[in-house]
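As structure tokens, the structure follows; a few thoughts come after it.
The values are calculated or read from the model by the stated rules, or taken from the named source; none is laboratory data. Here the structure is a predicted model, which means the values were calculated and not measured. Here Cβ is always computed from backbone atoms with ideal geometry, including for glycine, and neighbour counts include all displayed protein chains.
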């Protein structure tokens, strides 16, 4: 049949655009983007000049995607570092600080006998030295012991003497090892001693095993329900890694001046339980336990077994406040107080305890500030707080360090002390089952 000639009024034929070659099922948008040469734009957000649209081999596209995926899998496998036990001759891997991102030389063939780029280093040089080698920090050699009872631990301390040190989490101890500030041939791991474990309420107080971590205390239902101020304080200790590994007993025994638990327990009238193998347990008030910076009251072979926290009385409250520049607190203030009996005139403050830490070498009670607050009326509190701040700053006895000058710390202590007292009064009044007099808040 002959083809009809075009007539006047007929539409011109529509031009067809070049069509993309069909990919296999499952290629999807990434495969089409790779065919167009903009795979780098999807990965990094940087435009990459590529070929023209409508060109490319589907097999080459699939190979490119597979090569891209394998490159990322190999990188993730290289960066995964398995946990390594501490011990004699073992090294602690420290991050080299290499920036993340695609390496331009990844996947390229290298000449036979030539080391990989970045590994032409002298292994004998220390990390960070000019031309130095890889950043592997070798801890000093030590032998780890794992006693199962307090008696076994005491026997190990008697056998090794000053060459032995105890640890549970090691968040402080292994930093000293790493930087060369301490070296002990024998490390006694106390995590396996059941007597140092457990969180329970007994005889009107909370007993916390010395080996319990900050994270365990923070999340324990008894602590969260009946000692919420303790849970809130533990929630602010260091960072998540420190709270997960570090123990409350290790924190107190290390006697770091920048300690949240020490200041809190000092205001709470907390006590510590210590025992030596074969002897009865003894109680030590926290004010007597910390004798100075990095010095405690334990005798040779004695272990801290538990921390004892009394429960709050009716119409009582405790508040913990701190100022943090880095992970360690620069200033810590804790205030405990109780309102007098219902019906007493003026709602006066009694049983006031104000503790200040992290500003000086040890946490201390602000005795003169406590005397000023004792018996003070809630309605006249604003006129008393100015003097409370100055007296608390005197008791803190701040020292100049990287966190600030003496005057700067004195001002911080005064401000935080006034805020802690006001917050504690507010919580104590709120604890009266919400029954406030008209006009009170």
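Being surrounded by 24 or more Cβ atoms within 10 Å (Cβ to Cβ) and part of a loop (DSSP other than H, G, I, E, B) is a property that residue 359 has.
Being surrounded by fewer than 23 Cβ atoms within 10 Å (Cβ to Cβ), in contact with a strand residue (DSSP E or B) (Cβ under 7 Å, 6 or more places away or on another chain) and within 20 Å of residue 207 (Cα to Cα) is the requirement here; does residue 288 meet it? Lay out the reasoning, then the answer.
Working: surrounded by fewer than 23 Cβ atoms within 10 Å (Cβ to Cβ): yes; in contact with a strand residue (DSSP E or B) (Cβ under 7 Å, 6 or more places away or on another chain): no; within 20 Å of residue 207 (Cα to Cα): yes.
The answer is no for residue 288.
Restricting attention to the stretch 333-353, does a residue exist that is under 30 Å from residue 155 (Cβ atoms), in contact with a strand residue (DSSP E or B) (Cβ under 7 Å, 6 or more places away or on another chain) and surrounded by fewer than 22 Cβ atoms within 10 Å (Cβ to Cβ)? The answer is no, given that none of the residues of the stretch 333-353 is under 30 Å from residue 155 (Cβ atoms), in contact with a strand residue (DSSP E or B) (Cβ under 7 Å, 6 or more places away or on another chain) and surrounded by fewer than 22 Cβ atoms within 10 Å (Cβ to Cβ).
Of the residues screened, residue 331 is one that is under 23 Å from the mean Cα position of the chain (by Cα) and at pLDDT 95 or above. Quick one: is residue 117 surrounded by 11 or more Cβ atoms within 10 Å (Cβ to Cβ), within 30 Å of residue 67 (Cβ to Cβ) and either touching a strand residue (DSSP E or B) at 6+ places or on another chain (Cβ under 6 Å) or modelled with pLDDT under 85 (or both)? Here the answer is yes, as residue 117 does meet what is asked. Can you report the number of residues in the stretch 292-308 which are out of contact with any strand residue (DSSP E or B) (no Cβ under 9 Å at 6 or more places or on another chain) and without any contact (Cβ under 8 Å) to a residue 60 or more places away in the chain? Selection size over the stretch 292-308: 2. Looking at residue 266, is it at pLDDT 95 or above and under 30 Å from residue 429 (Cα atoms)? Yes, satisfied. Contact map, the stretch 162-177: residues that are without any contact (Cβ under 8 Å) to a residue 40 or more places away in the chain paired with residues that are crowded, with 17+ Cβ neighbours inside 10 Å and assigned to a helix (DSSP H, G or I), Cβ distance under 7 Å, separation 6+ or inter-chain. Pairs shown: 164/156; 164/157; 165/173. Every condition in (1) touching a residue at least 12 places away in the same chain (Cβ under 8 Å); (2) more than 19 Å from residue 418 (Cβ to Cβ) is met by residue 341 except one, and the failing one is (1).
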